[in-house]
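Read through the structure below, which is laid out as structure tokens, and then see the notes.
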Amino acid sequence: MSATVEHARTAIRPLRIAVVIGSTREGRFGPTVADWFVRQARLRDTMDVDVVDAGQVELPPTFGAATEHPSVAEATEKLSRADAFVVVTPEYNHSYPGTLKNLIDTLHTEWQAKPVGFVSYGGISGGLRAVEHLRPVFAELHAVTVRDSVALPNPWGRFDNTGDLIDVAGADTAAAVLLDQLTWWGEALRTARAVRPYGK
């Protein structure tokens with residue numbers, strides 16, 4: 001099958017996006033941020049959105065240990081079928097949550113040759129230091145991180161009762177830019193993987 005024909009075939013179906021919620025702390029704010037971003041993505045009929053919540057995945061306490069928990073199988077399936085990812089992460093002590101690292105490392109092959117975008121939140125930096133620590137991690141896993149991200153500084157109290165942002169200027173625009181870049185890379189790499197599986 002020619003690359004042109006394969007591109008036409010894969011471009012017909014929506015791009016599958018997996019939004020990963022990285023925080024697992026009690027009282028965490030991650031689901032609120034993730035719900036807002038998922039709604040932004042679902043405004044596009046060219047996207048099919050899944051959510052993988054690290055707080056709902058029962059990973060083994062020891063890296064590399066075997067696990068048969070259904071939540072791990074479900075997360076693996078969602079990440080495997082995704083064409084692209086968006087990681088929603090807080091900033092903890094100038095970096096990202098350890099539970100997120102455990103998820104990334106445990107399900108490591110699912111990220112390969114796919115793009116990753118970031119939505120971060122935290123104090124005055126908006127979680128950007130967590131994002132900068134995540135970029136080399138995904139590079140090591142043969143994933144491509146897109147340039148632009150969404151950063152939400154001090155987001156607590158800036159969402160209304162419906163989950164919409166009310167006081168973070170430019171967040172919707174930043175989300176649109178991120179989704180545009182994710183779409184370009186997601187479609188390009190999906191076509192490339194179909195023509196030639198990565199690493200072969």
Residue by residue through region 105-130, note down the ones that are among the β-branched types (Val, Ile, Thr), modelled with pLDDT of 95 or more and either touching a Lys or Arg at 6+ places or on another chain (Cβ under 9 Å) or surrounded by fewer than 23 Cβ atoms within 10 Å (Cβ to Cβ) (or both).
Val116
Breaking point among (1) crowded, with 17+ Cβ neighbours inside 10 Å; (2) β-branched (Val, Ile, Thr); (3) under 25 Å from Asp160 (Cα atoms), for Val72:
(3)
Name the single residue, out of those in region 46-65 being at pLDDT 75 or above and small (Gly, Ala, Ser), that is surrounded by the fewest Cβ atoms within 10 Å (Cβ to Cβ).
Gly55
Test: residue in region 184-191 that is crowded, with 19+ Cβ neighbours inside 10 Å, touching a strand residue (DSSP E or B) at 6+ places or on another chain (Cβ under 9 Å) and of a type in the set (D, E, K, R)
yes
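For the condition in contact with a Lys or Arg (Cβ under 8 Å, 6 or more places away or on another chain) and either in contact (Cβ under 8 Å) with a residue 60 or more places away in the chain or part of a helix (DSSP H, G or I) (or both), what is the one hit in Leu152, Leu182, Leu100?
The conditions single out Leu152.
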Kindly indicate whether any position in region 78-93 is out of contact with any strand residue (DSSP E or B) (no Cβ under 7 Å at 6 or more places or on another chain), under 30 Å from Ala194 (Cα atoms) and surrounded by fewer than 23 Cβ atoms within 10 Å (Cβ to Cβ).
yes
So which residues in region 76-103 are of a type in the set (A, V, I, L, M) and either at pLDDT below 95 or closer than 10 Å to Ala130 by Cβ (or both), if there are any at all?
Val87, Leu100, Leu103
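The values are calculated or read from the model by the stated rules, or taken from the named source; none is laboratory data. None of the values given here were measured: they were computed from a predicted structure. Glycine gets a Cβ as well: all are built from the backbone with ideal geometry, and neighbour counts include every protein chain shown.
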